[in-house]
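Step one of this worksheet: look at the structure below.
The values are calculated or read from the model by the stated rules, or taken from the named source; none is laboratory data. These numbers were taken from a predicted model, which means no experiment stands behind them. With ideal geometry, Cβ positions are generated from the backbone for all residues, glycine too; neighbour counts draw on all protein chains shown. In case anyone asks, the SASA skips ligands and DNA or RNA and just uses the protein heavy atoms, side chains included. Shrake-Rupley method; radii C 1.70, N 1.55, O 1.52, S 1.80 Å.
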Amino acid sequence: MRLCWNSPVLTIINPATEEQIARLERAGIDETDAAIAAAKGAFPAWRAVAPADRARLLRRLANLVEEHGEELARIESRNVGKPITGARGEVAMVASVFHFYAGAVETHRGATIPVAGGEALTFHEPLGVVGLIVPWNFPLNIASWKLGPALACGNTVVLKPAELTPLSALRLAELVLEAGIPEGVVNVVVGQGSVVGQRLVEHPDVAKIGFTGSTEVGRQVMAGAAATAKRVTLELGGKSANVVFADADLERAAAAAPYAVFDNAGQDCCARSRILVERSAYDRFLDLLVAATGRVRVGDPEEDATEMGPLISAAHRETVASFVEGEVRFEGETPDGAGFWFPCTIVEARNDDRIAREEVFGPVVAVIPFDDEADAIRLANETPYGLSGSIWTRDGARALRVARAVESGALSVNSNSSVRVTTPFGGFKQSGFGRELGLEALSGYSDVKSVYISTEG
Ligand code: NAD
């Protein structure tokens with residue numbers, strides 16, 4: 001592992017207190033190139049590690065993440081401002097991700113294909129050096145979704161965390177070495193997206209970019225990768241719909257809905273930030289939603305009982321505030337004093353209002369009525385995004401019909417939970433392409449090679 005920084009100094013802030021918690025030096029082009037060279041140098045030996053040994057090393061890393069779970073959760077909570085209970089859950093998922101891909105190493109097999117005159121075999125070959133670019137909302141979690149399959153397939157990596165939240169990735173890099181994964185296999189470079197990120201995208205020795213972030217930057221990554229025909233996986237923004245039919249268990253749907261959009265202070269690509277409600281149940285549901293939202297505990301992220309913390313930065317708070325207009329039905333409480341706080345906010349809206357079209361990435365939800373099933377599907381799909389979403393109904397056939405009709409990569413029925421270690425996750429439409437998690441992620445970090453062996457003569 002190499003930690004590559006250069007001046008000027010990067011100041012890391014706790015968003016809940018606005019206090020400085022670390023000072024790092026920013027990496028530039030030279031440090032990025034050095035990290036790529038280190039990863040390239042480490043690649044031949046890493047790909048040659050026997051699968052069972054690679055699995056053992058990943059398993060050791062998973063165990064170390066578990067052993068250091070509380071420490072990592074505290075780092076993440078202070079750096080992102082996320083409630084400690086949520087951060088603990090995310091770190092537990094990081095360990096599960098490494099356990100899962102440790103188990104996946106030996107299942108990633110090729111095939112034999114019947115052909116005339118001989119045999120054809122396929123191999124899943126690693127790509128080489130992969131660049132992993134991650135956002136600030138779930139820093140360690142999202143890094144692990146890429147690191148797990150990338151390392152399992154035998155690639156070496158350069159990981160670029162978001163500038164605002166590099167601390168957990170730096171600590172993980174130390175645990176990687178402690179696990180016995182050789183120096184140079186995982187390189188963390190802390191720096192600006194437009195410098196370090198762009199260099200990774202353009203560098204000819206980087207074979208693939210695994211990117212999670214905004215749709216706008218994702219487009220730049222895709223365009224930049226074209227020059228070297230790099231593979232890209234893009235996990236981008238969302239504007240997911242939580243569709244509530246009148247026949248649903250309204251109490252359950254309303255009790256769950258706040259956590260589907262205010263969790264992580266709404267800074268979640270899967271946030272169900274449009275709640276579509278069948279007109280005949282609209283007033284009742286809205287009353288229940290307002291009551292449930294009033295119970296969300298907003299406050300000190302270090303307290304176990306806290307459910308929502310602050311936003312990531314003052315600048316982001318300005319952006320989020322700019323979305324609140326029209327019929328504001330509810331605005332919650334926030335702590336006084338320091339911290340980038342923003343209240344849980346419920347707005348009654350139309351699907352063509354800005355708040356319903358654009359990703360807010362804050363604790364602001366748009367509630368929109370619909371007339372019937374066809375109208376619900378039309379509204380749910382009337383967005384350039386297609387990442388996630390929920391369907392609440394007691395009618396099983398309708399649940400399946402709507403789930404098939406909604407243009408989205410990860411849906412849930414009578415639940416708002418659609419991200420799991422073992423199931424594929426990714427977007428439709430402008431929410432990106434490629435899949436993370438599950439066994440599907442392995443295909444994003446390997447190329448299939450076909451070898452024909454003649455048996456004639
Ligand atoms: P962002 O796009 O601003 O930044 C993401 C990463 O890209 C950061 O590390 C950043 O430094 C880097 N970057 C910026 N400019 C770059 C460039 N020109 N070349 C290469 N890299 C560059 O996103 P953000 O503000 O950190 O995160 C919020 C966004 O991420 C939201 O849109 C959210 O929906 C999305 N997101 C998507 C998923 C998903 O799985 N689909 C998950 C989490 C977040």
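Rolling a 1.4 angstrom probe over the protein heavy atoms with all chains in place gives the range 98-242 an accessible area of 31 Å² per residue. With contacts taken as Cα pairs under 8 Å and at least 6 residues apart, the range 352-422 reaches a relative contact order of 27 percent.
As a test of the formula, what do you get for the chain when each DSSP H run with n ≥ 4 contributes -39,500 (n - 2.57) and the sum is divided by the residue count, at 222 nm and rounded to the nearest 500 deg cm²/dmol? The partial results should precede the final answer.
Working: 14 runs with 169 residues, N = 457.
Mean residue ellipticity at 222 nm (helix-derived): -11500 deg cm²/dmol.
Expressed per residue, the C-alpha convex hull volume of the chain stands at 147 Å³.
Determine the shape class of the range 1-75: with a ≥ b ≥ c the square roots of the Cα gyration tensor eigenvalues, call it rounded for a/c under 1.5, and otherwise prolate if a/b is greater than b/c, oblate otherwise. Oblate, because a/c is 1.5 or more while a/b does not exceed b/c. Classify the range 349-416 as rounded, prolate or oblate, taking a ≥ b ≥ c as the square roots of the eigenvalues of its Cα gyration tensor: rounded when a/c is under 1.5, otherwise prolate if a/b is larger than b/c and oblate if not. Note, shape of the range 349-416 comes out prolate.
How many percent of the accessible area of the chain is carbon or sulfur, using a 1.4 Å probe? It would help to have the intermediate numbers written out before the result.
On the way: 9180 of 17950 Å².
Ligands and nucleic acids excluded, carbon and sulfur give 51 percent.
Taking the convex hull of the alpha carbon positions in the range 8-154 and averaging its projected area over all directions gives 11.4 nm². Here the alpha carbons of the range 254-323 define both size measures, Rg and Dmax, at 13.5, 41 Å. Distant-in-sequence amide contacts of residue 391, defined by a placed amide H-H separation under 5 Å and a gap of 5 or more residues or a different chain, comprise 243, 412, 413, 414, 415.
Are there trypsin sites (Lys or Arg not before Pro) in the range 107-186 that DSSP marks as loop and that have at most 11 other Cβ atoms within 10 Å, and which are they? Filter output for the range 107-186: 109.
Pairs exceeding 29 Å between alpha-carbon atoms, taken from 40/146; 239/449; 82/146; 146/239; 160/239: 239/449. In the context of the full set of protein chains, residues of the range 44-95 present 41 Å² of accessible surface per residue (probe radius 1.4 Å, heavy atoms only). Derived scalar couplings between HN and Hα for the range 127-137 equal 7, x, 8, 10, x, 10, 10, 10, x, 9, 7 Hz in order, rounded to whole Hz, by the Karplus curve 6.51 cos²θ - 1.76 cosθ + 1.60 (θ = phi - 60°), x for Gly and Pro. Scattering from the range 182-304 was approximated by placing one identical point on each alpha carbon and applying the Debye formula without solvent; log10 I(q)/I(0) at 0.12, 0.22 1/Å stands at -0.67, -1.18. Working from the Cα coordinates of the range 296-413, the gyration tensor eigenvalues give, after taking √(5λ), semi-axes of 30, 17, 13 Å in decreasing order.
Summing Cβ point charges (Lys, Arg +1; Asp, Glu -1) relative to the Cα centre of the chain gives a dipole of roughly 1200 debye.
Ranking 308, 93, 222 from most to least accessible surface, computed with a 1.4 Å probe over the protein chains only, gives 222, 93, 308.
With a 1.4 Å probe and every protein chain left in place, work out the accessible area per residue of the range 305-457 in Å², rounded to a whole number.
Details: 6980 Å² over 153 residues.
Normalised by residue count, the accessible surface of the range 305-457 is 46 Å².
Subtracting the Cα-Cα distance of residue 313 and residue 192 from their residue separation scaled by 0.36 nm leaves 41.9 nm.
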